[in-house]
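This report concerns only the one structure given below.
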Amino acid sequence: MTQYFDKHVFFCTNQRADGSDCCNNHGAQKARDYVKDKVKALGISDRHNKIRINSAGCLDRCDDGPVLVIYPEGTWYTYVDEKDLDEIIEEHLQYGRIVERLKI
């Protein structure tokens, strides 16, 4: 069976109603939007490359947050800023290399 997406990226964008710590408290929605826009601008989310950026509810790794996971590899990352996200885009999404320093 052929996979529809080459890479599928899920950002935890969960926001807890009680205000307790969660990924969205660390700018997860903004980070997801940044990566989605950047991947589109780089032309790596087209029908040939099939990289998809999505939001997810709680991924249950709050202590490691903010988090994202890339499939089909099942590689989990944390990030602090756009520099970290740029490194994930360039290394993992463009060249298939795991970014060990951000891996959780």
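Tabulated results
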| read-out | value |
| --- | --- |
| Meets criteria (surrounded by 16 or more Cβ atoms within 10 Å (Cβ to Cβ), at pLDDT 95 or above and out of contact with any strand residue (DSSP E or B) (no Cβ under 8 Å at 6 or more places or on another chain)) for L102 | no |
| Residue in region 25-43 that is farthest from L93 (Cα to Cα), counting only those that are over 13 Å from the mean Cα position of the chain (by Cα) and in a helix (DSSP H, G or I) | N25 |
| Test set (1) closer than 30 Å to G19 by Cβ; (2) charged (D, E, K, R); (3) within 11 Å of the chain's Cα centre (by Cα) - K103 fails condition number | (3) |
| From the options D18, D46, D63, residue that is modelled with pLDDT under 90, open to solvent by 60 Å² or more (accessible area, probe 1.4 Å) and not in a loop (DSSP other than H, G, I, E, B) | D63 |
| Of the criteria (1) under 14 Å from the mean Cα position of the chain (by Cα); (2) of a type in the set (A, V, I, L, M); (3) exposed (fewer than 15 other Cβ atoms within 10 Å of the Cβ), which one I51 fails | (3) |
| Among residues of region 72-92, those that are free of Cβ contacts under 8 Å to residues at least 12 places away in the same chain, surrounded by 13 or more Cβ atoms within 10 Å (Cβ to Cβ) and closer than 25 Å to R16 by Cβ, counted | 0 |
| Those residues of region 93-104 which are without any contact (Cβ under 8 Å) to a residue 24 or more places away in the chain, closer than 15 Å to I44 by Cβ and part of a helix (DSSP H, G or I), in sequence order | Y95 |
| Among residues of region 1-20, those that are more than 16 Å from Y95 (Cα to Cα) and out of contact with any helix residue (DSSP H, G or I) (no Cβ under 6 Å at 6 or more places or on another chain), counted | 10 |
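Yes/no matrix, rows are residues, columns are (1) aliphatic (A, V, I, L, M); (2) surrounded by 14 or more Cβ atoms within 10 Å (Cβ to Cβ):
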| site | (1), (2) |
| --- | --- |
| A31 | yes, yes |
| G57 | no, no |
| I70 | yes, yes |
| Q94 | no, yes |
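The values are calculated or read from the model by the stated rules, or taken from the named source; none is laboratory data. None of these values were measured; they are calculated from a predicted model. For neighbour counting, all protein chains shown are included, and Cβ atoms are generated from backbone atoms with ideal geometry for every residue, glycine included. Each accessible area value is taken on the protein alone, full model and side chains, heavy atoms only, with ligands, DNA and RNA left out. Shrake-Rupley method; radii C 1.70, N 1.55, O 1.52, S 1.80 Å.
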